[in-house]
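Below is one structure; the comments refer to it alone.
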Amino acid sequence: MVQQKVLDALRAFVAERDWAQFHTSENLAKSIAKLDFSKDAVTTWKALDERHANWPVVYVLDNGPASRSSRGGLRDVYVGESLNAAGRMQQHLKVPGKQHLKNVRIVLHEKFNKSVCLDLESYLIRMMAGDGANQVLNRNNGITEAQYYQRDAYREGFRTVFEHLKAEGVFTRSVYEIENSDMFKLSPFKALTEDQANSVEEIMRRLFIDMERGERSTMVIQGDPGTGKTVVAIYLIKLLVDIKSFNSLEDLDSDSQFADFFTRDHQGLLQDLKIGLVVPQQSLRSTIQIVFRKTQGLHPSMVLDPFKAGEAEDLFDLLLVDETHRLNQRASQPSAVLNSKFRDINEKLFGFDDVSRTQLDWIRAKSRHQIYLLDAMQSVRPADLPAELLSNLVADTRSTGRHFQLRTQMRVQAGSDFVSYIRWILDPVPLSVPRTRLHFGDYDFRMFDSVAEMRDEILRRDADVGLSRMVAGYAWEWKTKKDKDAFDIEIDQVQLRWNSTPTDWVSSRNALAEVGSVHTIQGYDLNYVGVIIGKQNNRALGTTCSNDDLLRFITQIYAVLLTRGIRGTYVYACDQGLREYLRGFIPSTSGHPSNSALLPTPARRNILFP
């Protein structure tokens, strides 16, 4: 037994050493072949080495520099893997949708196997989609995240493949830039978690059954912040569009969890499919529209605000609603035009202006099938759907087996316990038993005594890894809306401004010098987030609500803000009493010990929001 373990260890060492040699530029140049995508070039290349027709490889097809593409300056790319590269190229050359491609790059290494190639293929597809300069021609159902022998060692080499392809102009951005981009984070080419994939599979199965029977249906996908609800919505739409448009099964991985849905019967059910994604928040909606513009089969017009969905002339076959909790009930809208639209849509759909109707009623009236993605704990203003309405929606779908729960935390590296911990800290409901501080390993969770120090740390983190921003609850007047030279937030001689744009603020030019509101950040990921907790009552929420309601919205706003950070969350509280309370639950940069971890919970309401 001992001897076998020694032999296994030696084999692992040799395998890792040999694969590490792939990182050298000389070996890399030998391992990646570039040739014209033509019959003659492929035939000539095949004759050079018998492995060119009998060895696992990964390849990239493209139609040249991005500027040559006919679709908005995007380059068309296709990434694949095969045991017979030459034969696979000959097959691709016969496909009408690929005959415009010009180049092929083939990655071949003596240590490759099928599992490695599937993993490298998925990696390159994700990076191609996230680069922002490409239109990826692949379907999204073949992306894998499987374990295999020496995976970590092989993945070190993937970065080397990327850098070589970037040097040849295949990629236009660095790994750092791609992985921090919205195109990467919201791409339909994601490796789904187990609960995401299982939910997608069951949703597809039930949706096709309902379509075949001609029955209407309602489904709910529920999950905490960071569980990937938006990713699932985008993935579902791309998968449906791919099933609707596939011409052959040649490119389909039969091992894919969703391969069985690619049938002519299902394709027939989807032929006249009218599908839309409703996104209430303007900033997130605009970002998703960019993703759709750069994804084959999708179009920005498929991404709607609730008003456009309600005004649509035709009935949708399927509407997916992201952030369903942000749909509106009848309340004061941001403008007189929207107030008028709310009335007009109600009259058109229901015959009169029924003030009890909500935008949820619009979605039901305008679609045969609905999929709602929600987290009731992320409602952040009185105009959002009432909590009891969301509870009823969840209860109804549970009773019919059409409720799906996402639990795997994809955003916060501290894990799913962090989200519940944040919500417990902010919970205004008294509990009889006090709790103590939890620790989250290497996750950078810190309390600051100075907003200037927190700002400086955010600047350092952004310089290191990018995508680090300051955010705050709306406890300061938006002065710069009328006076661009003014400052909105002034704390201990530190002057700050609110976000200067409501659209894609996270990626905007001035974001690092500004403070984002909940409306600019909900649905987004950051590497590090610095949260300023104010304590003023907000009288600009658009409607009158009780103190209990106001407290609930304020705590839910901060729960959203405090769960944006992938690598770390920093906190500054304006109120001294609140800082003392939070020190009991959040490590402090001051290093001063605090006994407030054992603070009786019933006193929490007065300390948090006096």
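For segment 435-453, give me each residue that is under 26 Å from the mean Cα position of the chain (by Cα) and within 14 Å of V529 (Cβ to Cβ).
Passing the criteria: Y443, D444, F445, R446.
Hey, could you check segment 161-175 for residues that are part of a helix (DSSP H, G or I) and over 21 Å from the mean Cα position of the chain (by Cα) and say which is surrounded by the most Cβ atoms within 10 Å (Cβ to Cβ)?
Taking the candidates together, the pick is V161.
Which residue pairs have Cβ atoms under 7 Å apart, sit 6 or more places apart or on different chains, and have a first residue in segment 223-236 that is touching a residue at least 40 places away in the same chain (Cβ under 8 Å) and within 14 Å of V321 (Cβ to Cβ) and a second that is of a type in the set (G, A, S) and in a helix (DSSP H, G or I)?
Short answer, once both residue conditions are applied: V232/S199.
Mind counting the residues in segment 489-513 that are over 30 Å from the mean Cα position of the chain (by Cα) and in a loop (DSSP other than H, G, I, E, B)?
Total meeting the criteria: 2.
Select from segment 341-358 the residues that are in contact with an Asp or Glu (Cβ under 7 Å, 6 or more places away or on another chain) and not in a helix (DSSP H, G or I) and list them in ascending order.
Once the filter is applied, which keeps residues that are in contact with an Asp or Glu (Cβ under 7 Å, 6 or more places away or on another chain) and not in a helix (DSSP H, G or I), segment 341-358 yields only D353.
Residue check, E194 against (1) under 23 Å from the mean Cα position of the chain (by Cα); (2) buried (at least 18 other Cβ atoms within 10 Å of the Cβ); (3) in contact (Cβ under 8 Å) with a residue 40 or more places away in the chain, all met but one. Which one?
Result: E194 passes all but (2).
Here are K244, K229: which of them is crowded, with 20+ Cβ neighbours inside 10 Å and among the basic types (K, R)?
Matching residue, one of K244, K229: K229.
Go through segment 359-444 and tell me which helices (runs of 4 or more DSSP H), entirely inside it, have 1 or more residues that are in contact (Cβ under 8 Å) with a residue 40 or more places away in the chain and within 22 Å of K185 (Cβ to Cβ).
The helices (runs of 4 or more DSSP H) meeting that bar are 416-426.
Quick one: in segment 518-532, which of the residues that are out of contact with any Phe, Trp or Tyr (no Cβ under 6 Å at 6 or more places or on another chain) and either in a strand (DSSP E or B) or of a type in the set (G, A, S) (or both) is farthest from E457 (Cα to Cα)?
Only one residue tops the list, namely G523.
Are any of the residues in segment 133-142 within 30 Å of the chain's Cα centre (by Cα), assigned to a helix (DSSP H, G or I) and on the phi < 0 side of the Ramachandran plot?
No, there is no match, as no residue in segment 133-142 is within 30 Å of the chain's Cα centre (by Cα), assigned to a helix (DSSP H, G or I) and on the phi < 0 side of the Ramachandran plot.
F158: surrounded by fewer than 21 Cβ atoms within 10 Å (Cβ to Cβ) and at pLDDT below 95, yes or no?
The answer is yes for F158.
Which condition from (1) closer than 26 Å to T324 by Cβ; (2) in a loop (DSSP other than H, G, I, E, B); (3) in contact with a strand residue (DSSP E or B) (Cβ under 9 Å, 6 or more places away or on another chain) is the one that Q289 breaks?
(2)
Which is of a type outside the set (G, A, S), surrounded by 18 or more Cβ atoms within 10 Å (Cβ to Cβ) and not assigned by TED's automatic domain parsing to the domain that holds S588, of R411, R455?
Of the residues listed, the single one that is of a type outside the set (G, A, S), surrounded by 18 or more Cβ atoms within 10 Å (Cβ to Cβ) and not assigned by TED's automatic domain parsing to the domain that holds S588 is R411.
Search segment 338-355 for residues being of a type in the set (A, V, I, L, M, F, W, C) and under 16 Å from P306 (Cβ atoms), and hand back the single one that is surrounded by the most Cβ atoms within 10 Å (Cβ to Cβ).
Only one residue fits best here, namely F342.
Return the total of residues in segment 355-372 being among the small types (G, A, S) and more than 26 Å from the chain's Cα centre (by Cα).
Number of matching residues: 2.
Restricting the first residue to segment 271-288 and requiring it to be within 25 Å of W505 (Cβ to Cβ), which pairs with a second residue that is of a type in the set (G, A, S) meet a Cβ separation below 7 Å and a spacing of at least six or different chains?
Partner pairs satisfying both residue conditions: G276/A309; L277/A233; V278/A309; Q281/G523; L284/G523.
Looking at I209, I178, I203, which one is without any contact (Cβ under 8 Å) to a residue 12 or more places away in the chain and part of a helix (DSSP H, G or I)?
Of the residues listed, the single one that is without any contact (Cβ under 8 Å) to a residue 12 or more places away in the chain and part of a helix (DSSP H, G or I) is I209.
Working only within segment 212-232, note down all residues that are charged (D, E, K, R) and in a helix (DSSP H, G or I).
Within segment 212-232, E212, R213, K229 meet the criteria.
Test each condition in (1) touching a Pro at 6+ places or on another chain (Cβ under 9 Å); (2) under 20 Å from E168 (Cα atoms) for L61 and report the one that comes out false.
(1)
Filter segment 464-522 down to the residues that are of a type in the set (F, W, Y) and surrounded by fewer than 17 Cβ atoms within 10 Å (Cβ to Cβ), then identify the one that is farthest from Y558 (Cα to Cα).
F487
Quick check on segment 308-322: of everything there that is touching a residue at least 40 places away in the same chain (Cβ under 8 Å) and surrounded by fewer than 20 Cβ atoms within 10 Å (Cβ to Cβ), which residue is nearest to L269 (Cα to Cα)?
The residue in question is D317.
Can you tell me which residues in segment 43-60 are without any contact (Cβ under 8 Å) to a residue 60 or more places away in the chain and of a type in the set (V, I, T)?
T43, T44
Quick check on my filter: what residues within segment 173-205 are of a type in the set (V, I, T) and either at pLDDT below 95 or within 17 Å of E121 (Cα to Cα) (or both)?
Matches in segment 173-205: V175, I178, T193.
The values are calculated or read from the model by the stated rules, or taken from the named source; none is laboratory data. No experiment lies behind these values; they were computed from the predicted model shown. All Cβ positions, glycine included, derive from the backbone under ideal geometry; neighbour counts span all protein chains shown.
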